[in-house]
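> Next up is a structure, given as structure tokens.
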Amino acid sequence: MKPVLKKIFSFLWERIVPVLRNTTTKRLLIGFVFFVMATTVLSLNFVPERLDIVVGQPSPKTEKAPRTIEFEDKIQTAELRQRAAETVGKVHDEKPGTIDTVIGDISQIMNKVKKVTGNLEMAPEEKVARLIEDIPFTMPDGVYRSLAGYDSMVVQNIDVKTREIVTRALNKGIMKENLAKIKASLIEEEVADLNMPNDARVFVGALIDNTLQPNLIYNEEATNKKIAEAMDAVAPVTVVLQAGEKIIGEGEIATPAHIQKLQALGMLKATVPVSAVLGIAILVGIGMTVVMIYLYQNRTDIYLNEGYLILISLVVISALLLGKTIIAIELKPLWSGLLGYLIPVAAASMLLAILLDTKLALLVTAILSAMVGIITGNDLRFALVGLISGLVAVYSVSKLSQRSDMAKAGLVYVSSANILAIISVELVSKGVNTTALAVGILFGLVNGVFSAILTIGVLPYLESAFKITSSVKLLELANPGQPLLKKLLMEAPGTYHHSILVGNLAEAAADAVGGDSLLVRVGSYYHDVGKLRRPYFFIENQLSNENPHDKLTPNLSTLIITSHTRDGADIAREYKLPRLIIDIIEQHHGTSLVSFFFARALESDKNESVTEEDFRYEGPKPQTKEAALVMMADSVEAAVRALQKPTPGRIEGLVRRVIKDKLQDGQLDECDLTFKDLDIIAGAFVRVLSGIFHTRVEYPETVLKEIERRKARDAGIRKQPAGKNENNQQAT
């Protein structure tokens, strides 16, 4: 049996292990693990809940409060707010011009009546017929006959009284819903009391009934605003549950109040619908797909590196778990409802921007913000604030120039962005709630501080674990107080100052062609640390005219000179410098020829046994743009330093010749520089070197003597006692 099992195990091992070692399989496995973990974290509650019960069902057991808590009674609060809303009257706005319109309609009818009744040439029957035609409403025939027979005094009285009644009514305000009631009241009360014939009163009533309009228009928006203000003015009803207090008894029918208490204590079993889990899984899958497509198209180096993929997954999952932990904290109801503002999306954004890529960090921030919205109960406020703070965090660390910038990013930029975003979303979603706004602002400030602390604290461990050289690490290495740089300054001062100049040249060129200027500057500082093994064999460190190479053969001198790249790599490993810096140290000479000693060897070669390969560096050639920039800056600085009477023209000619020699020698074949880049690099070198080796004015001998005489006189004046100077000034 054992031999069979052993064969099966060996067979599976031989088949499975090669598959697992395949890079595509590793990426798929990483993606699957992340998918499962992210979906699980987003779907399940962080704190397991216990009682499975809904409203209307009997409780399977008696439940008591395990601890004392204070929470908002949303049911009572909602009832009180509903009552407050019902007490709010409707808001109406006065419709401008209504009185003028109504009076105008009355005047138009009355003018026609006056014209007919005042016409003495018309027969009575003709007047009646004309009034029936001109008046736009119907009245009994007797009213028309009476109206036709009234004199001008009665007609004028009808006009005046109708205007007065209508004007008083409109000044009080008439709404559409009570128009009919007001018309009936006016006709029954005011019109009935008019001192005029009965048919005249009937005409006035009909005139009012057909011309009166409402002048108050219902303002739905203002009414809703008043209702919202009235509801917001109602303070939330808080309930205190004492530890041990009975919540629901066994067999007791659950009411909304019971469910509310169980939810507040986290004792209610929550069932996640299958549809919700499916939706979350789809969202996670879409986010993963978008990120992988971006990496495949734009950052192949990250896409092919399983460690970087694990890092992205780790940062996102950690942020989600931290978010779940934060929102599970039990505080006062108002505070608990705003805990989503504490989720440090900005910390994840800064870590990815510093460690990997700024654009990738922006993309992941957007996806992570959507996930934050899910874990906070689909609350758009927290997703928006997380997105804004994350974007600001990415841009604030995209170009770190000093280590304090990382702290400033969280303490200043992220906190400010959080506060402004929280004020905005709170005003939009809830209106002005001073307490909630103050708590939200406090949480936004704490979020920024927490994000900065988290980023600064976690960054070194992630750098070490995933072997990443971040800009923060490079800034630390650029500090002159680094032990290796201090040692270089003390034991090889010439090399140290040469490295500083090379750093200035390479950094200017990197800025011009879009390279990593910080990396080339730091790489330049350390590129010649191998000279610490034998500093005085390099001319910049020779303090006297004695050159030790004069006593050595060209081959031995070449061996000493070329070994400084290998020695430098060893020293760099000893001081635990990043791989990127070690690569620059090893590649900054490529396979260049040590031409001086090669020429000396040729002069003494009688057997023609000297080969060029024996006098070249062992390489490799520069593999990156940054290593090539350090190589060219190193060669250019050394060449210009040896130039006699360096003028701008001579400097430019020498710079372009050095770069051309490197190109023709094949040293730039394996990096991604273009001919256009080389021209730009040459221009950048010339600008920096022209500033260093600029011409100085040569003073005539007489001017120098006059300057020295004045210096001596000024020194003598400064040595005189103060009292003597004052006396001299008074005498003058």
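The values are calculated or read from the model by the stated rules, or taken from the named source; none is laboratory data. Small disclaimer: the values here were computed from a predicted structure and weren't measured. Here the Cβ is made from the backbone with ideal geometry for all residues, glycine too, and neighbour counts use every protein chain on show.
> Scanning the range 182-228 for residues that are among the aliphatic types (A, V, I, L, M) and in a loop (DSSP other than H, G, I, E, B), which turns out surrounded by the fewest Cβ atoms within 10 Å (Cβ to Cβ)?
The first filter runs over the range 182-228 and keeps only residues among the aliphatic types (A, V, I, L, M), leaving 182, 184, 186-187, 191-192, 194, 196, 200, 202, 204, 206-208, 212, 216-217, 222, 227-228.
Next, only the ones that are in a loop (DSSP other than H, G, I, E, B) stay: 192, 194, 196, 212.
Numbers: A192: 12, L194: 18, M196: 15, L212: 22.
Within the range 182-228, the match that is surrounded by the fewest Cβ atoms within 10 Å (Cβ to Cβ) is A192.
> Right, next: Determine which member of the set G448, G515, G523 is in contact (Cβ under 8 Å) with a residue 40 or more places away in the chain and either surrounded by fewer than 17 Cβ atoms within 10 Å (Cβ to Cβ) or assigned to a loop (DSSP other than H, G, I, E, B) (or both).
Only one candidate qualifies: G515.
The rows are residues; the columns are (1) among the charged types (D, E, K, R); (2) over 19 Å from A639 (Cα atoms); (3) assigned by TED's automatic domain parsing to the domain that holds P620.
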residue	(1), (2), (3)
K531	yes, no, yes
F537	no, no, yes
N545	no, yes, yes
K551	yes, yes, yes
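> Continuing with the same structure: Going through the range 510-555 one residue at a time, which ones are more than 46 Å from the chain's Cα centre (by Cα), among the polar types (S, T, N, Q) and over 21 Å from R616 (Cβ atoms)?
As a first pass, look at the range 510-555 and keep what is more than 46 Å from the chain's Cα centre (by Cα): 533-555.
This time we only want the ones that are among the polar types (S, T, N, Q), so: 541-542, 544-545, 547, 553, 555.
The answer is N541, Q542, S544, N545, N547.
> Looking only at residues in the range 459-503 that are of a type in the set (V, I, T) and part of a helix (DSSP H, G or I), which one is surrounded by the fewest Cβ atoms within 10 Å (Cβ to Cβ)? Give the derivation first.
First, the residues of the range 459-503 that are of a type in the set (V, I, T): 468-469, 472, 495, 500, 502.
Now restrict to residues that are part of a helix (DSSP H, G or I): 472, 495, 500, 502.
Details: V472: 21, T495: 22, I500: 17, V502: 28.
Ranking the candidates gives I500 first.
> Only one residue in L368, L400, L342 is within 17 Å of F450 (Cα to Cα) and out of contact with any Asp or Glu (no Cβ under 9 Å at 6 or more places or on another chain). Which one?
Numbers: L368 fails: within 17 Å of F450 (Cα to Cα); L400 fails: within 17 Å of F450 (Cα to Cα).
Among L368, L400, L342, only L342 is within 17 Å of F450 (Cα to Cα) and out of contact with any Asp or Glu (no Cβ under 9 Å at 6 or more places or on another chain).
> Follow-up question, since we're still on this one. Looking at the structure I just gave you, is T162 within 16 Å of D209 (Cβ to Cβ), surrounded by fewer than 12 Cβ atoms within 10 Å (Cβ to Cβ) and among the β-branched types (V, I, T)?
On the way: within 16 Å of D209 (Cβ to Cβ): yes; surrounded by fewer than 12 Cβ atoms within 10 Å (Cβ to Cβ): no; among the β-branched types (V, I, T): yes.
No; evaluated as a whole, the condition is false for this residue.
> Restricting attention to the range 671-679, does a residue exist that is among the charged types (D, E, K, R) and surrounded by 18 or more Cβ atoms within 10 Å (Cβ to Cβ)? Before the answer, list the steps.
Taking the range 671-679 as the starting set, the residues that turn out to be among the charged types (D, E, K, R) are 672, 676-677, 679.
Still in the list and also surrounded by 18 or more Cβ atoms within 10 Å (Cβ to Cβ): 677.
Within the range 671-679 (the criterion being among the charged types (D, E, K, R) and surrounded by 18 or more Cβ atoms within 10 Å (Cβ to Cβ)), the answer is yes, since at least one residue qualifies.
> Next question. Inspect the range 280-288 for any residue being at pLDDT below 90 and either closer than 28 Å to A328 by Cα or part of a helix (DSSP H, G or I) (or both) and give the result as yes or no.
Looking for residues that are at pLDDT below 90 and either closer than 28 Å to A328 by Cα or part of a helix (DSSP H, G or I) (or both), one finds at least one in the range 280-288, hence yes.
> Moving on. Taking I456 as the residue in question, decide whether it is aliphatic (A, V, I, L, M), in contact with a Gly (Cβ under 6 Å, 6 or more places away or on another chain), in a helix (DSSP H, G or I) and touching a residue at least 40 places away in the same chain (Cβ under 8 Å). Step through it out loud before you land on a result.
Details: aliphatic (A, V, I, L, M): yes; in contact with a Gly (Cβ under 6 Å, 6 or more places away or on another chain): no; in a helix (DSSP H, G or I): yes; touching a residue at least 40 places away in the same chain (Cβ under 8 Å): yes.
Criteria not met by I456.
> I need the full set of residues from the range 248-279 which are outside any loop (DSSP other than H, G, I, E, B) and either within 10 Å of E63 (Cβ to Cβ) or modelled with pLDDT of 80 or more (or both), in order please. Please lay out each step first, then the result.
First pass over the range 248-279, keeping only residues outside any loop (DSSP other than H, G, I, E, B): 248, 253, 256-265, 268, 274-279.
Across the range 248-279, the qualifying residues are I248, I253, P256, A257, H258, K261, L262, L265, L268, V277, L278, G279.
> Filter the range 104-140 for residues that are more than 25 Å from V166 (Cα to Cα), surrounded by 14 or more Cβ atoms within 10 Å (Cβ to Cβ) and in contact (Cβ under 8 Å) with a residue 12 or more places away in the chain and give the result.
K127, V128, R130
> Residues that are within 30 Å of T77 (Cβ to Cβ), at least 1 per element: which helices (runs of 4 or more DSSP H) completely within the range 313-413 meet that? Step through it out loud before you land on a result.
Values: elements: 333-336, 345-355, 358-375, 380-396, 404-408.
Passing ranges, in order: 333-336, 358-375, 380-396.
> Then there is this: For I247, work out the one condition from (1) hydrophobic (A, V, I, L, M, F, W, C); (2) touching a helix residue (DSSP H, G or I) at 6+ places or on another chain (Cβ under 9 Å); (3) surrounded by fewer than 18 Cβ atoms within 10 Å (Cβ to Cβ) it doesn't fulfil.
Single failed check for I247: (3).
> Any idea which of T255, T167 is of a type in the set (S, T, Y) and within 21 Å of K74 (Cβ to Cβ)? Don't jump to the end; show me each part of the working.
Numbers: T167 fails: within 21 Å of K74 (Cβ to Cβ).
Among T255, T167, only T255 is of a type in the set (S, T, Y) and within 21 Å of K74 (Cβ to Cβ).
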